[in-house]
Ligand SMILES: Nc1ncnc2c1ncn2[C@@H]1O[C@H](COP(=O)(O)OP(=O)(O)OP(=O)(O)O)[C@@H](O)[C@H]1O
Ligand SMILES: [Mg+2]
């Protein structure tokens, strides 16, 4: 006869409401874990999608995400000829505001040459950039549909394709345009003084600037070795994809990560305290029943089992409710809530641990209850 | 009764509180109850009747004296001589409490069956026996009812069934007939007498109920924590 279940069944409504409360709390904690993971996932989404193995940037910088980087457009040919490189593509990257009918969309605009590295690895609907200019592939997070037009730098772009879950480290959606369009845009959006200087200066080289060149390597080529070769050009620096990913997580989103991580820990701590208090209240509500169990000779193990099992049931039912709620609403979050089976399982483990630890105090209190407490009327 | 007593108290004293507020609930009580004997305890309210039963049930520790149950000395020299009081309570003592003390989340059958499973019985067998006991006590039709839905008398009889569940050699009852009409009261007392006769149990019953005084082998009167020989 399972006393824990029987007691819960006896006051099921109250237990379910308590579970729901715990569930909301655990749902928030789980959301924090997901948001924390989401920041990392978002920071790496672009580099993963580009599938670059090597990033060639301006010497002395760790661009193009952590620091600004500018290299001449002809670097692409140099990189393409380095032994071990299979393909190289120039990219530009800048934040810009685009005007859609009735609203302004802040986006990370990326320019690349179709057919060369730099585009999204998969298009979820529509197509990639084609031969004609003023086309745009946008991420769904920008809220645009195929065929929509947006104004950027005075030009009207048409949306020809959509991607999924491609955002910049700050959370802005990514949009892709032709490299030439992006270079024109760079020029148009530059401050007037810089624009005059560029127009008066050494002709084409003023506008043929990109932010980085990315390369894919032949199978078997060592990224580190190829990077070393490229570093011999004094005006270039090279980062392997692993270094770039490390930079993105350690440097670019580090503060956000630390902030969210700390907050998650605080939230888990608060959750633990609240669950422990709820278990304690649940136990003290049963003071008379526990004293009665002692009167009829129930051993400590029966009483400890009652408290512990109810604590675990509370935690598990609450967790199930919280997780179900979160998964139901997580697409409504403005930023990615990245929760895989690993995170959910880890959180479940934490909840079980919290329930076990949280019941220790209550079990001790229950074992100290005097059997005489049940003798009064 | 020639046999050794199943319950023996020697000069047991119990005081609640200290100083001005001190109450001598038991003041040198000596009493022996043999197997097969049904002893009644009466006395005015506050005379220490419940305290006496609770001392025998090892729920309240005395301050002085000696308590022996069967062959074993249970309390002596300021401390219990038995490590696991609860095992003693579930295996050797059946207690019918003044306020029933049924578990509110178990139905009548399982309140009785729980006592048996705690003593090691199989649940199914325990339930069968529990229903039998309830039926015997006239509450068979209420076997599936939750305690909150039982009348005072019905709850009392479920509590009696629970106390008898493990065939304990010692049965303690604190006003077991208070909530019953006189016919039911006599039935309950006859049952306790039968348990004493057939199983050789020692039965100690606190009661105010003059209607059943004739059902005891012996009456003990308490007054201010002492046995009142005059009564
Ligand atoms: N836990 C306790 N703490 C303090 N005093 C107590 C306690 N239990 C009993 N007493 C006191 O001890 C005395 C004896 O109490 P007891 O309950 O044994 O009386 P009783 O004979 O059972 O009375 P009643 O017929 O009203 O049930 C009373 O004065 C009571 O107030
Ligand atoms: Mg009393």
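Counting only alpha carbon atoms, the long axis of helix A:12-50 and the longest principal axis of chain A meet at about 20°.
Our summary of shape: the Cα atoms of the range A:76-147 have principal axis extents of 50, 24, 21 Å, ordered from largest down, in whole angstrom. Which part of the range B:173-188 falls in the paramagnetic zone of residue A:1, meaning amide N under 19 Å from the point 7 Å along Cα-to-beta-carbon? Hits in the range B:173-188 for residue A:1 at 19 Å: none.
Given 25 °C and 0.890 mPa s, compute D for the range B:54-112 with the Stokes-Einstein relation, Rh being the Kirkwood radius over Cα pairs; round to the nearest whole µm²/s.
Estimated diffusion coefficient is 188 µm²/s.
With both residues required to sit in chain B, DSSP beta bridges show an antiparallel share near 55%.
Restricted to Cα atoms, chain A shows a radius of gyration and a Dmax of 29.3, 100 angstrom. Applying 1/(1 + (r/R0)^6) with r as the Cβ-Cβ distance of residue A:125 and residue A:316 and R0 = 51 angstrom yields a FRET efficiency of 0.80.
Counts of other chain beta carbons within 10 angstrom of each beta carbon in peptide A:296-308 average 4. Taking all Cα pairs closer than 8 Å and separated by 6 or more residues, the relative contact order of the range A:27-111 comes to 14 percent.
Please give the average number of partner chain Cβ atoms lying within 10 Å of the Cβ of each residue in B:52-62, rounded to a whole number.
2
What's the exposure ranking of A:105, B:59, going from fewest to most Cβ atoms within 10 Å?
A:105, B:59
Calculated FRET efficiency, residue A:81 to residue A:245, Cβ-Cβ distance, R0 = 30 Å: about 0.70 to the nearest 0.05. Projecting label points 7 angstrom from Cα along Cα→Cβ for residue A:222 and residue A:324 puts them 5.6 nm apart. Highest mean first, the peptides B:87-98, A:151-162 sorted by other C-beta atoms within 10 Å per residue fall in the order B:87-98, A:151-162. With the biggest extent put first, the Cα atoms of the range A:60-234 measure 50, 42, 31 Å across the principal axes. Over the range A:24-158, the fraction of Cα-Cα pairs per 5 Å bin, rounded to whole percents and listed from the shortest bin up, is 2, 8, 15, 18, 18, 15, 12, 7, 3, 2, 1, 0. Alpha carbon centre of the range A:314-354 versus the range A:204-269: separation in Å? Between the Cα centres of the range A:314-354 and the range A:204-269 lies a distance of 31 Å. In this simple spin-label model, placing a label point 7 Å from the Cα along the Cα-to-Cβ direction at both residue B:213 and residue A:335 gives a separation of 8.5 nm. Based on DSSP H segments of at least four residues, each scored -39500 (n - 2.57), the protein assembly as shown has a per-residue ellipticity at 222 nm of -14000 deg cm²/dmol. Relative contact order for chain B: 29 percent, from Cα pairs under 8 Å spaced at least 6 residues apart, divided by residue count.
Could you work out how far helix B:182-199 tilts from the main Cα principal axis of chain B, as a 0 to 90 degree angle to the nearest 10? Orientation of helix B:182-199: about 80 degrees from the principal axis. Here the Kirkwood formula puts the hydrodynamic radius of the range B:63-219 at 16.2 Å, using every distinct Cα pair. Taking Cα atoms only, the orientation of helix B:108-118 departs from the longest principal axis of chain B by about 60 degrees. Each label point was placed 7 Å from the Cα along the Cα-to-Cβ direction; for residue A:255 and residue B:122 their separation is 7.1 nm. Taken residue by residue and averaged, Cβ atoms of other chains lying within 10 Å of the Cβ of B:82-93 number 3. If you restrict to DSSP beta bridges whose two residues both lie in the range A:60-234, what percentage is antiparallel, to the nearest 5? Beta bridges within the range A:60-234, antiparallel portion: roughly 75 percent. Given R₀ = 60 Å, FRET efficiency for residue A:188-residue A:357 by Cβ-Cβ distance, to 0.05? About 0.50, to the nearest 0.05.
Annotation: the antiparallel percentage among DSSP beta bridges lying fully within the protein assembly as shown is about 70.
Judged by the gyration tensor of its Cα atoms, with axes a ≥ b ≥ c, the range B:1-84 is oblate; a/c meets the 1.5 cut and b/c is at least as large as a/b.
The relative contact order of chain A, computed from alpha carbon pairs under 8 Å that lie at least 6 residues apart in sequence, is 28 percent. Okay, which of the range B:177-218 sit inside 17 Å, backbone N to the point 7 Å along the Cα-Cβ direction of residue B:82? Taking a point 7 Å out along Cα→Cβ of residue B:82, the residues of the range B:177-218 whose backbone N falls under 17 Å are B:201-204.
No value in this document is a laboratory result; all are computed from the given coordinates. These numbers come from a predicted model, not from an experiment. Counting neighbours? That spans all protein chains shown, and the Cβs are built from the backbone with ideal geometry, glycine included.
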